[in-house]
Amino acid sequence: MSRQSWLSLALVSSATFIIILDLMAANVAFPFIEDEFIDTPRSTLAWALSGNAIAAAALLLVAGRLGDRLGRRRIFLTGLAIFTAVSAITASAPTAGVLIAARVGQGAGAAMVTSTAIALLLPLFPASKQGLAVGIWGTTASAGAAAGPTLGAIAIEAVDWRWAFLINIPIGLIVLALGRRVLAETERAEGAGPIDYVGTVVGTAAIGLLTFGVLQGPRWGWGSTGVVAALVIAAAASAAFILRCMHAASPLVDLGLFGHRTFSLANLSQAGTQLAINAWFFTTPLFLINVWGYSALGGGAAVAIGMVVSFVSIPVGHWSDRHGYRGVLSLGGLIAAAGMLVWVFGVDDTPDFWSLYLIGLVIFGLGAGMVGIVVTNAALTDLPNQDLGMGNAVFQTIRRMGGAIGVAIAVALLGGRTNESVDAFRNVWLLIAGGYFFSAVVILPYPKKR
């Protein structure tokens, strides 16, 4: 392996780290943002979170296709430059409107980075090392998820909420400077026809409206006119998008990707895991803070422990290169589900972190780490190099949508408000266990050794 390959892995992983870090830190910063822009309604300020998520989800497919056509290095670095620059605007926003617009810009930049990251890396590594490379990349993403709440809370308590977004800038600038010298451009897709602008607009609208409806459902009510209209239009646009992809000369998404059995099964499996892990990220601090009375920093640190445990699973990526993905994904899903069942049957209203709660947390972290490290490579392993960008974009879009749906269901199970009883959280833990159990079962038809 060349030095350039490993340095490229470090740079791409660092960019992914700050994107995930920013996502988690923004949730911690939101109450303090409300305090500063006190005259702005919560429903408006919430767009600082929702707008970011919608932009990131809606633009993934477009960014993935542009990466295949124009070069993944170009799209990756452009997206990182946008994300880094707009982070500075977010941190210095004088009004709520500027803040919301900047967060949408961050989402757009994040989509460009996320859709091209893995597709940029995989061609640099032989098949025997791809699992290890993806494992390191995935573990770095987990590190961002673990560090986000804690670093965000520390920055906020030390200075103010704006510093939670300034963390991104030095890392982003370093990756940009080194990336221009180190990252190699990928081959562009040959024989590609003109961009399908109709499909691009329809597909982006479908994903954006679906994400909007899912995110706003718990806030506005699932029967509200706005949510129902968004979901109905999203369904119609999705059907139109599929038809367009079937008949367009150069579709935004080549539906032939789903003809790869490994790609389809891994995406189906990760939909369950993303539903589950995002529900876990959302509700775990709520339980610790509202039921057990932990501080915000304590709740964030507890979440970090679960993600740190997942780092133990790094060797799993290398092991899967030799022995296959199916066993790792199925076993990891069952282990994560078992960890949640420990909480369901062993945790009550009495604060007792160092007993069954910690045991369940460790078991869950190990299982979730095994799945998270392997599932990306399992999805992309059989795709030809020219389709890696779009394949990864589809994969990341399903990941985003699964996560949004998981949070929406968790909010519904909690009754749309913080609940001081452990009973409501048990329902969420059962949901999380079910998501991982589903992922473990649905992956069984995957070829044994890939």
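A few points about this structure:
- Test: I75 is under 18 Å from S14 (Cα atoms) and at pLDDT 90 or above: yes
- Residue in the range 43-66 that is over 18 Å from the mean Cα position of the chain (by Cα), in the same structural domain as I156 (by TED's automatic domain parsing) and not in a helix (DSSP H, G or I) present: yes
- Count - residues of the range 358-386 that are surrounded by 20 or more Cβ atoms within 10 Å (Cβ to Cβ) and not aliphatic (A, V, I, L, M): 9
- Residue list for the range 336-380, restricted to those being free of Cβ contacts under 8 Å to residues at least 12 places away in the same chain and charged (D, E, K, R): D352
- G415 within 17 Å of the chain's Cα centre (by Cα) and either free of Cβ contacts under 8 Å to residues at least 12 places away in the same chain or part of a helix (DSSP H, G or I) (or both): no
- No other residue among D349, D321 is at pLDDT below 90, in contact with a helix residue (DSSP H, G or I) (Cβ under 6 Å, 6 or more places away or on another chain), surrounded by fewer than 18 Cβ atoms within 10 Å (Cβ to Cβ) and not β-branched (V, I, T) apart from D349.
- Residue match in the range 112-120 (condition: surrounded by fewer than 24 Cβ atoms within 10 Å (Cβ to Cβ), among the aliphatic types (A, V, I, L, M), outside the structural domain of T397 (by TED's automatic domain parsing) and more than 16 Å from the chain's Cα centre (by Cα)): no
- Any hit, the range 325-336, residues being crowded, with 23+ Cβ neighbours inside 10 Å, at pLDDT below 85 and of a type outside the set (S, T, Y): no
- Pairing each residue of the range 254-270 that is under 19 Å from D68 (Cβ atoms) and at pLDDT below 90 with any residue that is outside any helix (DSSP H, G or I) and not polar (S, T, N, Q), provided the two are 6+ apart or on different chains, yields C-beta distances under 9 Å for L257/L383; H260/D382; H260/L383.
- Tally of residues being among the aliphatic types (A, V, I, L, M) and touching a residue at least 60 places away in the same chain (Cβ under 8 Å) across the range 206-219: 4
- Output for the range 407-450, where each listed residue is of a type in the set (D, E, K, R) and either buried (at least 19 other Cβ atoms within 10 Å of the Cβ) or modelled with pLDDT of 85 or more (or both): D423, R426
- Applying a threshold of 8 Å to beta carbon distances and a minimum spacing of six or more residues, or different chains, the list of pairs starting in the range 220-248 at a residue that is within 25 Å of V411 (Cβ to Cβ) and ending at one that is of a type in the set (K, R) and modelled with pLDDT under 90 is empty.
The values are calculated or read from the model by the stated rules, or taken from the named source; none is laboratory data. Given the structure is predicted, the values throughout are model-derived calculations rather than measurements. Every residue, glycine among them, receives a Cβ derived from its backbone with ideal geometry; neighbour counts consider all protein chains shown.
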